[in-house]
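Heads up, the thing below is written out as structure tokens.
The values are calculated or read from the model by the stated rules, or taken from the named source; none is laboratory data. Computed from a predicted model, the values in this text were never measured in an experiment. So basically every Cβ, Gly included, is an ideal-geometry build from the backbone, and we count neighbours across all protein chains shown. Note: accessible area is taken over every heavy atom of the protein model, side chains too, but ligands, DNA and RNA are not part of it. Shrake-Rupley method; radii C 1.70, N 1.55, O 1.52, S 1.80 Å.
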Amino acid sequence: MFEKLYNLNLADDDELMPILSLEEDDEASIREDFPEVMPILALKNTVLFPGIIIPITVGRQKSIEAIEEAYKNDRIIGVLSQKDIKVEAPTLNDLYKVGTIARILKLLKMPDGTITAILQGRKRFSLIDMLSSEPFLLGKIEILEISNPSNKIEYQALMSSIKDLANKIIELSPNIPGEATAMLNNITNDSFLLNFISSNLGVDIKIRQSLLEFNDINEKAHEILKQMTNELQLLEVKDKIENKVRGDMEKQQRDYFLNQQLKTIQDELGQNPQTQEIEDLIARAKKKNWNDTVRKIFDKEISKIKRTNPQAPEYSVLLNHAELLVDLPWNEYTEDNFDLRKVKKELDKEHFGMTKVKERILEHLAVLKLKGDMKAPIICLVGPPGVGKTSLGRSIATAINRKYIRMSLGGLHDESEIRGHRKTYIGAMPGRVIQSIKKAKSSNPVFILDEIDKVGKDFRGDPSSALLEVLDPEQNSTFHDNYLDTEYDLSKVLFIATANSLNTIQPALLDRMEIIEVSGYSTEEKVKIAKQHLIPQERKEHGLKAKQVKLTDSVIEQVIQDYTRESGVRSLKRQIAGIMRKVAKYVALEETYDISIKKKDLHKLLGPTRYSKETYSDSNVVGVTIGLAWTSVGGEILFIESNLSEGKGNLTLTGNLGDVMKESATTALSFLKSNASKLGIDSDIFNKKNIHIHVPAGAIPKDGPSAGITMLTALASSLTQKKVKPYIAMTGEITLRGKVLPVGGIKEKILAAKRAGMKTIILCIENKKHVEEIEAEYIKGLTFHYVDKMEQVLKIALGI
């Protein structure tokens, strides 16, 4: 508010008067005779109030002549403020109409041709008319009087509030010295005090001019109080901000000085933690089996760290990078277990079946044993959930005496998760591959890349493309991590990827991996897994002994059929755990129970059955055929129904069928039409009857070509009105030429057929090799017919 009072920036001169008048003239009490016509001085950037003394520098020619003319005569001049300071030759319309009569106290001519004048405001006036503009402004004026307060008590309260606010403003303003408070308290004239405060308020010219124009002293005091309140609020906020900033800076300075003192003390005692840390890193680095490139990088990092201030942000970045170089197991390997018989025994102990995978691991170890060095294979295990793909990795690591790492890739979207961030970024870190190697402390672990088929892709990059380098035996010996910023050898790492499906894996990535399919387990295999692994494991986890609970093969089989529907054994494990919990409760409460669990006890232990077994009734009807389908939880039998109705030969397909399945039905119908006479079908029936094919369980989407021969047989059955021979199931793709093509999922489909009580299965002749891979005991009692033509299917199923 009062900064202008102490920041006039004038040269020191004994003849200059102070800004505050010593007389404290009351505007209302001034009774001088002022002429009606006087020179007019236009002011920029300021408003002169009665009783206030201001120094001004006059540079415009008209203003100089007006000042000199007034100084020659009675030293009285009218002062008006300009509306726009950019106007150099103001006229009547460029000036405010209300101003202040001023007395020229002192006039000084400066060397540059300008004049400095000391003006004292005397009385307010209103400009009536501008009589002349040459050689200077000459105006006719009318004196304005200010009224006395109408309500003295209110006026006194206003003045008291104004003084209090003025003292607070002085207290909060850092540029105003404390003497200003004493000076303000010495002003006894209220009218002069209002003019003094108005002149020094930190507001623009318009507001000051409006304060000058008030004729009612009460209104003027109200407006001044309002403006002072606004200024006080602004100062309070400013002071609060400055205090906070000052406090933060003081804390930083204090912390800096304390840290410097601590550093000095530690240096004197020889206990500098930064120096000690660097020395420890150098000592550890000497033990590392690095190549020349890595050692040069480390030495360069250490030299940078020594030159960098520990308080600088770069210090921690450099130190973290150097620590990573030291922590990584460069050329450090665990010794493999080359006792192949022991390895095989260990793998068989933990996992049932999975012959192909176990054989591939044994082959790799055999080559390593003979050659001593070999790039590790990249294996991808593909199969339904719960068959033990992930847990097999841990068993392999244990069997061959290697460290085990598992990295889940499900839902991974960011490429930097694989390759890391550049170390220049704040919070940068190496990729998960390098992080995992660091934790394992070995450069030849068994590395499980779990759920590789569920890697995502978005604007942050494509992680599956980053994996191309990791999983390529020709490239991963020089794997480049962005954070590490040098090459690292991953060629000795045994990567094992797992997936549920190959459809979503990038072709280039798929090409780099050795695919081994892990099929679902048959009921017989699940019974063996339960007896050898699940029951002993769950019994131990629930604190039970072998003599406290017993489950027979028939009971386990009942649990599998009635309470689970899966290719793996996860759900079976949960059901066995449920039985163990119930038995544990009986033992803990010392209740009597039958140690040997019976089939009838399952309802009490596990609740009502959750799934019904697919069954086949020999009371079959015309147009119904049994197909075999593969699902993510194993194989199932599939009923395909067809019938005829009066119409014009339209074909209707229902049951939530996919495009491929619909095309199979159309192909089958076209084949029957073209071979109607050969098959003994009346060709007129295709024009007189509508054909409807339906696959039950309409809520479940179905697709694929494997139901081709099943649809063919169902249509032929309806058209010839012959029933399909009982206990026959079939699967195979068809062509318009009458060929039967091979399909997949044979093991799961055949096991499903056996569970459902089928006795005869029709397959493509090319699927014979898949049947031979199934153990004989699992397909005992089944008769297989291998065909390559559609006529053979109809002859076996319908006898036509």
*May I ask you to give the average projected area over all directions of the convex hull of the Cα atoms of the range 331-394, in nm² rounded to one decimal?*
5.0 nm²
*Tally up the carbon and sulfur contribution to the accessible surface of the range 518-601 as a whole percent, 1.4 Å probe, everything protein left in place.*
48 percent
*Taking the alpha-carbon centroid of each part, what is the distance from the range 452-510 to the range 724-772 in angstrom?*
38 Å
*asked:* Please compare each pair in 306/441; 454/599; 389/662 to a cut-off of 31 Å on the Cα-Cα distance and tell me which ones are over it.
replied: 454/599; 389/662
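For the chain, what is the convex hull volume of its Cα atoms per residue in Å³?
Values: hull volume 326.9 nm³, N = 800.
Cα-based convex hull of the chain, divided per residue, equals 409 Å³.
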*asked:* Please list, short to long, the whole-number percent of alpha-carbon pairs of the range 476-576 in consecutive 5 angstrom bins beginning at zero.
replied: 2, 10, 16, 13, 11, 10, 9, 9, 9, 7, 4, 2, 0
*Surface accessible to a 1.4 Å probe, residue 694 within the full protein complex, Å²*: 60 Å²
*Of 369/769; 342/582; 673/749; 286/403; 345/375; 438/573, those spanning more than 27 Å from alpha-carbon to alpha-carbon*: 369/769; 342/582; 673/749; 438/573
*In degrees between 0 and 90, to the nearest 10, how far off the longest principal axis of the chain does helix 355-371 point, with axes built from Cα atoms?*
80 degrees
*Could you tell me how many degrees, from 0 to 90 and to the nearest 10, lie between the Cα long axis of helix 553-563 and the main elongation axis, the longest principal axis, of the Cα atoms of the chain?*
50 degrees
*Could you check how much of the accessible area of the range 621-678 is carbon and sulfur, as a whole percent, using a 1.4 Å probe?*
50 percent
_Over 17 Å apart: what share of the alpha carbon pairs of the range 290-361 falls there, rounded to a whole percent?_
62 percent
*Express the accessible area of the range 194-311 per residue in Å², computed with a 1.4 Å probe while the remaining protein chains stay in the model.*
65 Å²
*Accessible area per residue, 1.4 Å probe, Å², for the range 381-456: what's the number?*
39 Å²
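Taking all protein chains as present, what is the carbon and sulfur share of the accessible area of the range 203-345, in % to the nearest whole number, probe 1.4 Å?
Here carbon and sulfur together make up 51 percent of the probe-accessible area.
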*Classify the range 205-255 as rounded, prolate or oblate from the Cα gyration tensor: take a ≥ b ≥ c as the square roots of its eigenvalues, call it rounded if a/c is under 1.5, otherwise prolate when a/b beats b/c and oblate if not.*
prolate
*When all C-alpha to C-alpha distances in the range 349-439 are sorted into bins of 10 Å, what percent of pairs does each bin hold, rounded to whole numbers?*
12, 36, 31, 16, 4
_Rg over Rh, two decimals, the range 542-591 (C-alpha only, Kirkwood Rh)_ = 1.01
*By how many degrees, between 0 and 90 and to the nearest 10, does the Cα long axis of helix 708-720 differ from the longest principal axis of the chain?*
60 degrees
*Evaluate the Debye formula for the range 366-408 with equal point scatterers sitting on the alpha carbons, no solvent, and hand back log10 of I(q)/I(0) at q = 0.15, 0.28 Å⁻¹, in q order, two decimals.*
-0.50, -1.16
*Probe 1.4 Å, accessible area per residue of the range 675-800, Å²*: 45 Å²
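Could you tell me the convex hull volume per residue, in Å³, taken over the Cα atoms of the range 400-498? Provide the component values of the computation, followed by the final result.
Working: hull volume 9.1 nm³, N = 99.
Residue-normalised Cα hull volume stands at 92 Å³.
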*With 10 Å bins from zero, work out the P(r) of the range 579-688 over every alpha carbon pair and list the percent per bin.*
9, 26, 22, 14, 11, 10, 6, 2
*What does the charge dipole of the range 52-112 about its Cα centre add up to, to the nearest 20 debye, if the Cβ of each Lys and Arg holds +1 and the Cβ of each Asp and Glu holds -1?*
180 debye
